[in-house]
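Just below is one structure, and these are the notes that go with it.
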Amino acid sequence: MIELKIKLLDESLAMPRYQHEGDAGLDLPSRIDFTLEPGARATVPTGIAVAIPRGYAGFVLIRSGLAARHGISCVNSPGLIDADYRGEIAVIMINTDKREPLHIHRGDRIAQLVIQKVEEATLVRVRE
């Protein structure tokens, strides 16, 4: 198990956590109240910054319930967080529903952060 340093940029938000033992992703909250209109997209701040160790990366995915019930997706799914990034995590959300807006409240869980081991490839130039 690795150590993941988490900075709360907004102390009034709850610390991210795994909802159940064995879960792969930490739940990420919305830092703001907003409405995502049908067909619209928005970059939503989470109020969280992390220090991912070298050799690992973070992958941001939309919560499956938002996808299944409301047609919400992550535009750059999965969103990639490199180990050297120290800024606020944001989720680029899109509402694919053609009729219903989605209302999100500050603190609602909107995405999950999965930390995975990654390796750098040795690049070998070839002609064929």
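The values are calculated or read from the model by the stated rules, or taken from the named source; none is laboratory data. Being a predicted model, the structure only gives us computed values, none of them experimental. Neighbour counts are summed over all protein chains in view; Cβ atoms, including those assigned to glycine, are modelled from backbone coordinates with ideal geometry.
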Single residue of 72, 89 found to be among the β-branched types (Val, Ile, Thr), on the phi < 0 side of the Ramachandran plot, crowded, with 17+ Cβ neighbours inside 10 Å and at pLDDT below 95 = 72
How many residues, within region 86-98, are in a strand (DSSP E or B) and more than 17 Å from residue 59 (Cβ to Cβ)?
-> 2
Does region 62-85 contain any residue that is of a type in the set (Gly, Ala, Ser), in a loop (DSSP other than H, G, I, E, B) and more than 26 Å from residue 121 (Cα to Cα)?
-> yes
Scanning region 49-61 for residues that are assigned to a loop (DSSP other than H, G, I, E, B) and either among the aromatic types (Phe, Trp, Tyr) or surrounded by fewer than 16 Cβ atoms within 10 Å (Cβ to Cβ) (or both) gives 53, 54, 55
Count of region 99-128 residues which are of a type in the set (A, V, I, L, M, F, W, C), in contact (Cβ under 8 Å) with a residue 60 or more places away in the chain and either in a strand (DSSP E or B) or over 18 Å from residue 26 (Cβ atoms) (or both) = 7
In this structure, is residue 41 touching a strand residue (DSSP E or B) at 6+ places or on another chain (Cβ under 6 Å) and among the basic types (Lys, Arg)?
-> yes
Residue count, region 27-47, condition outside any loop (DSSP other than H, G, I, E, B) and either modelled with pLDDT under 95 or more than 26 Å from residue 119 (Cβ to Cβ) (or both), comes to 10
Odd one out for residue 65 among (1) loosely packed, with under 15 Cβ neighbours inside 10 Å; (2) in contact with a Pro (Cβ under 9 Å, 6 or more places away or on another chain) | (2)
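Table: residues versus (1) touching a residue at least 24 places away in the same chain (Cβ under 8 Å); (2) in contact with a Phe, Trp or Tyr (Cβ under 9 Å, 6 or more places away or on another chain).
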position	(1), (2)
10	yes, no
22	no, no
31	yes, no
35	yes, no
41	yes, no
47	yes, no
58	yes, yes
Check off (1) within 19 Å of residue 10 (Cβ to Cβ); (2) within 15 Å of the chain's Cα centre (by Cα); (3) not small (Gly, Ala, Ser) for residue 105 and give me the number that stays unchecked.
-> (2)
